[in-house]
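Peer 1: First the structure, then my questions, so here it is.
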Protein chains: 2
Amino acid sequence: MQEIQLKARPEGAPKESDFALVDWIAPELASGDILVELDCFSLDPYMRGRMDDAKSYSAPVALNSRMEAGGVGRVIQSASDRFEVGDYVFGLTGWASHAVLQEKSVRKLDIAPEHLNRALGVLGMPGFTGWFGLTQHGRPNAGETLVVAAATGPVGSMVGQLAKRAGLRVIGIAGSDQKCQVAENEFGFDHCINHRSFETAKALRTELAQYAPDGIDIYFENVAGPILEAILPMMNVHGRIPVCGMISWYNAGRLGGDASIETLSAPKIWRTILVNRLSVNGFIISDHWDHFSNFLTEVAPLVNNEQIKFIEDVTTGLENAPKTFIGMLEGKNHGKTVIKLR
Amino acid sequence: MQEIQLKARPEGAPKESDFALVDWIAPELASGDILVELDCFSLDPYMRGRMDDAKSYSAPVALNSRMEAGGVGRVIQSASDRFEVGDYVFGLTGWASHAVLQEKSVRKLDIAPEHLNRALGVLGMPGFTGWFGLTQHGRPNAGETLVVAAATGPVGSMVGQLAKRAGLRVIGIAGSDQKCQVAENEFGFDHCINHRSFETAKALRTELAQYAPDGIDIYFENVAGPILEAILPMMNVHGRIPVCGMISWYNAGRLGGDASIETLSAPKIWRTILVNRLSVNGFIISDHWDHFSNFLTEVAPLVNNEQIKFIEDVTTGLENAPKTFIGMLEGKNHGKTVIKLR
């Protein structure tokens with residue numbers, strides 16, 4: 001049994017040497033515990049935030065302890081009345097081959113065994129994040145215009161597809177021409193812009209204006225940085241900005257073109273919120289598990305019917321998790337990033 | 001008949017030479033128009049924003065035209081079926097002795113004639129702003145902590161008094177020890193802090209922490225600047241920030257101690273919104289007149305019973321409006337600022 005530990009707090013972008021693969025021995029199970037053999041676990045941008053010692057919505061990962069992640073696996077030992085050996089479950093397993101979980105923090109999966117991966121992405125936390133943020137804070141109306149970045153990621157692709165179904169004009173932003181083609185052809189976005197083609201926020205804004213001639217009503221925020229800077233002045237009166245992430249700023253502005261951020265000042269943000277009467281709502285999906293069954297009821301049938309599509313980027317081998325995570329933060333992934341144990 | 005015109009767009013704080021008192025001749029009334037002889041008009045911080053040429057929620061005041069204001073007066077000539085000579089009305093009269101108003105933009109007042117001033121303050125736009133922002137966007141719960149600046153102003157004093165009635169701990173911020181005494185003794189705030197006693201946002205925050213040991217749940221934003229900087233890190237998870245003004249930033253950071261604002265960056269604002277799951281809502285009260293009768297129904301009896309108090313700072317003479325307005329932006333007023341015509 002093995003796990004990946006955090007060995008050093010990165011300055012800016014993480015390096016492989018910030019992590020280590022170490023052997024792990026499962027402790028004896030306490031009453032209510034289960035031991036899970038992982039099938040796969042999820043890599044997500046929020047994990048970068050957990051690597052810092054700064055105040056956040058969760059405690060940071062301690063040095064020399066297991067990196068956190070949601071994972072899916074099979075119960076191989078149980079001291080719980082609620083789970084039997086052989087059950088498939090989702091829980092906060094971390095980056096590891098095995099995990100001991102408490103029964104109250106585990107969800108039994110009723111996904112077909114060949115679709116276990118979906119519990120990490122389209123029907124897991126990222127899909128739920130997109131659905132919740134759009135419906136609760138985005139409050140979409142047919143005919144409006146929505147912009148979402150990381151358009152082919154598991155959050156962005158859910159937001160864009162749901163918004164299209166609700167009758168909105170949907171513009172994606174992504175980090176390569178290939179991703180943009182996927183957003184348009186696979187996920188049905190009206191248009192997708194490769195932000196790496198633009199040197200400044202202003203140039204990106206000029207391009208956006210061509211595809212959003214009526215301004216932007218909903219900006220689903222998961223990246224911040226120069227993309228926020230480009231979009232903010234385009235927000236319509238009574239626009240909504242659900243904020244669930246800021247990948248550009250997780251690495252303290254070291255990723256891609258953030259020099260231009262200097263012109264996005266605190267007063268400019270605040271003034272736009274007032275003048276355009278914006279509603280800006282930060283949210284963390286783990287506050288909202290009480291809505292999860294509503295999400296599954298609404299979205300699982302759409303996924304099964306292929307009316308909502310998804311893309312997974314699967315890498316095999318626990319030892320490859322750090323490299324894959326670093327690549328994901330640089331935008332090298334293609335869809336929901338998953339580490340498969342074997 | 002006279003009016004005050006805007007003669008120059010101020011850089012930073014306005015000067016008296018930016019205004020001029022000029023004679024005015026009423027045009028012939030079109031159908032539906034009324035001619036009003038003013039009793040008094042209102043001076044409010046938002047007017048500073050209208051003096052700039054920047055994009056805002058309303059068009060700026062044109063050079064060489066009348067400064068805008070809400071005013072109260074008596075109809076002296078009517079081409080409207082809805083108003084008779086002798087009616088008392090509220091409308092956007094501007095800074096003037098007389099105004100021609102269209103019937104559809106005028107509200108007939110059912111306030112006792114000796115209380116006409118109240119239609120500009122406690123029972124007018126500022127009181128309505130405080131009530132609407134607190135109830136719709138602040139969503140107060142008993143036991144929570146609220147902070148509001150400009151605590152003795154007509155918005156802040158309404159917010160604080162309503163929050164006290166709802167069972168909140170209420171902390172005011174004001175610009176003098178005398179105003180703080182008024183906030184505590186007259187308006188019943190639990191505590192009021194004179195922000196001019198502190199050189200930095202951090203020092204103000206340390207003081208605030210003594211009176212808000214459980215953090216801040218609602219920050220009713222009408223000032224921004226270093227006060228926002230002090231408060232933002234103190235916001236509790238799921239805190240609310242209704243944003244109805246930013247007087248510190250209207251003069252482009254030239255008022256009082258704004259050097260410290262440099263440390264409040266765009267990423268810091270955005271990160272706090274996410275990590276603390278804040279709900280930040282800009283609003284402009286003129287979007288919400290459909291709630292005005294609810295406001296009057298709820299609040300007018302409380303004012304009549306003196307359960308909600310108010311303070312007015314009345315200056316007589318149209319010619320004194322520019323000087324009074326400049327002083328108000330500097331915090332020299334004491335309560336709702338009103339210009340009485342004679």
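Peer 1: Rounded to the nearest 5, what % of the DSSP beta bridges within the protein assembly as shown are antiparallel ones?
Peer 2: Around 55 percent of the beta bridges assigned by DSSP in the protein assembly as shown are antiparallel ones.
Peer 1: Here is a follow-up. Quick query: amide H of B:Gly215 versus all other amide H atoms, modeled in the peptide plane; which residues come in under 5 Å with a sequence gap of 5 or more or a different chain?
Peer 2: none
Peer 1: Residues of B:278-287, mean number of Cβ from any other protein chain within 10 Å of their own Cβ, rounded to a whole number?
Peer 2: If you average over the peptide's residues, the count of other-chain Cβ atoms is 6.
Peer 1: Per residue of the stretch A:7-18, in order, report the coupling 6.51 cos²θ - 1.76 cosθ + 1.60 (Karplus, θ = phi - 60°) as ³J(HN,Hα) in whole Hz, putting x for Gly and Pro.
Peer 2: With coefficients 6.51, -1.76 and 1.60, one gets 9, 8, 7, x, 9, x, 5, x, 10, 4, 6, 6 Hz.
Peer 1: Using every Cα-Cα pair within the stretch A:61-163, state what percent have a distance larger than 22 Å.
Peer 2: 45
Peer 1: Between B:Glu298 and B:Ala20, take the C-beta separation as r, use R0 = 45 Å, and let me know the FRET efficiency to the nearest 0.05.
Peer 2: Calculated value: 0.60.
Peer 1: Also, I was wondering about something else. Answer with one residue from B:Val22, B:Ala224, B:Gly245: the one whose Cα lies farthest towards the positive end of the charge dipole of chain B, charges on Cβ with Lys, Arg +1 and Asp, Glu -1.
Peer 2: B:Ala224
Peer 1: Within the stretch A:212-234, which residues have the backbone N less than 19 Å from the label spot 7 Å out from A:Thr206 along Cα→beta-carbon, could you tell me?
Peer 2: A:212-215, A:226-234
Peer 1: Under the definition of partner shielding as Cβ atoms of other protein chains within 10 Å of a residue Cβ, what is the mean value for peptide A:240-246?
Peer 2: Across A:240-246, the average partner-chain Cβ count within 10 Å equals 3.
Peer 1: Over the protein assembly as shown, what lengths in whole Å, largest first, do the semi-axes of the equivalent ellipsoid take, defined as the square roots of 5 times the eigenvalues of the alpha-carbon gyration tensor?
Peer 2: Working through the eigenvalues yields semi-axes of 54, 26, 23 Å.
Peer 1: Cross-link list B:Lys202/B:Lys323; B:Lys15/B:Lys332; A:Lys108/A:Lys340; B:Lys179/B:Lys336; A:Lys15/A:Lys336: which exceed 23 angstrom alpha carbon to alpha carbon?
Peer 2: Table pairs above 23 Å Cα-Cα are B:Lys202/B:Lys323.
Peer 1: Hey, for A:Asp81 with labels 7 Å out along Cα-Cβ, what do the inter-copy distances come to in nm, ordered shortest first?
Peer 2: Copy-to-copy label distances at A:Asp81, shortest first: 7.7 nm.
Peer 1: Distances from A:Ser286 to the same residue in each other copy, label points 7 Å out along Cα→Cβ, in nm, shortest first?
Peer 2: 4.6
Peer 1: Expressed as a fraction of 2.2 N^0.38 Å, the rule-of-thumb size for a compact globular protein of N residues, what is the C-alpha radius of gyration of the stretch B:204-342?
Peer 2: Cα-based Rg divided by the globular estimate yields 1.26.
Peer 1: Quote the charge dipole size of chain B about the Cα centre in Debye, to the nearest 20; the model charges only the Cβ of Lys and Arg (+1) and of Asp and Glu (-1).
Peer 2: In total the dipole reaches around 760 debye.
Peer 1: Looking at A:Val148, A:Asn305, A:Leu204, which one has the Cα that reaches farthest to the positive end of the dipole of chain A (charges on Cβ: Lys, Arg +1; Asp, Glu -1)?
Peer 2: A:Leu204
Peer 1: Also: Dividing the alpha-carbon Rg of chain A by 2.2 N^0.38 Å yields what?
Peer 2: After normalising by residue count via 2.2 N^0.38 Å, the value is 0.99.
Peer 1: Sticking with this one: Picking from B:Gly133, B:Gly172, B:Val159, whose Cα lies most toward the positive end of the charge dipole for the stretch B:43-200 (charges on Cβ: Lys, Arg +1; Asp, Glu -1)?
Peer 2: Selected residue: B:Gly133.
Peer 1: Further question on the same structure: For A:Asn304, place a label point 7 Å from Cα along the Cα-to-Cβ direction in every copy; what are the distances to the other copies, in nm, shortest first?
Peer 2: The projected label point of A:Asn304 is separated from its counterparts by 6.2 nm.
Peer 1: How high is the relative contact order of chain A, in percent, counting Cα pairs under 8 Å that sit 6 or more residues apart?
Peer 2: It rounds to 17 percent for chain A.
Peer 1: If contacts are Cα pairs under 8 angstrom and at least 6 residues apart, what is the relative contact order of the stretch A:157-259 in percent?
Peer 2: 20
Peer 1: Here's something else I'd like to know. Taking R0 as 51 Å, what's the FRET efficiency between A:Asp214 and A:Asn64 from their Cβ-Cβ distance, rounded to 0.05?
Peer 2: The calculated FRET efficiency here is 0.45.
Peer 1: Explain nothing, just compute: Karplus ³J(HN,Hα) = 6.51 cos²θ - 1.76 cosθ + 1.60, θ = phi - 60°, for every residue of the stretch B:195-205 in order, whole Hz, x for Gly and Pro.
Peer 2: 5, 6, 7, 10, 7, 10, 4, 5, 5, 4, 4
Peer 1: Calculate one ³J(HN,Hα) per residue across the stretch B:286-298 by plugging θ = phi - 60° into the Karplus curve 6.51 cos²θ - 1.76 cosθ + 1.60, and present them in order as whole Hz with x for glycine and proline.
Peer 2: After applying 6.51 cos²θ - 1.76 cosθ + 1.60, I find 5, 6, 10, 4, 5, 8, 5, 5, 4, 4, 4, 4, 7 Hz.
Peer 1: Give the average, rounded to an integer, of partner chain Cβ atoms located within 10 angstrom of each Cβ in B:218-231.
Peer 2: That works out to 1 on average.
Peer 1: Counting only helical runs of four or more DSSP H residues, what would the 222 nm mean residue ellipticity of the protein assembly as shown come to if each run contributes -39,500 (n - 2.57) and the total is spread over all its residues?
Peer 2: Value at 222 nm, helices only, nearest 500: -7000 deg cm²/dmol.
Peer 1: Could you give the dipole magnitude of the stretch A:125-285 about its Cα centre, charging the beta-carbon of Lys and Arg +1 and that of Asp and Glu -1, in debye to the nearest 20?
Peer 2: Here the stretch A:125-285 has a charge dipole of around 340 debye.
Peer 1: Starting at 0 and stepping by 5 Å, how many percent of the alpha carbon pairs of the stretch B:128-265 end up in each bin?
Peer 2: Percent of Cα pairs in each bin: 2, 12, 23, 26, 22, 12, 4, 0.
Peer 1: Give the long-range amide H neighbours of B:His191: residues separated by 5 or more places, or on another chain, with amide H under 5 Å away, using H modelled in the peptide plane at 1.01 Å from N.
Peer 2: Excluding prolines and chain starts, which carry no amide H, the hits are B:Val170, B:Gly172.
Peer 1: So, one more: Please find, among residues of chain A, the one with the beta carbon closest to the rotation axis relating it to chain B, distance in whole Å.
Peer 2: Residue and rounded Å distance to the axis: A:Val280, 2.
Laboratory data are not the source of any read-out in this text; all were calculated from the coordinates shown. Note that the coordinates shown come from a computational prediction; the quantities given were computed from them, not determined experimentally. All Cβ positions, glycine included, derive from the backbone under ideal geometry; neighbour counts span all protein chains shown.
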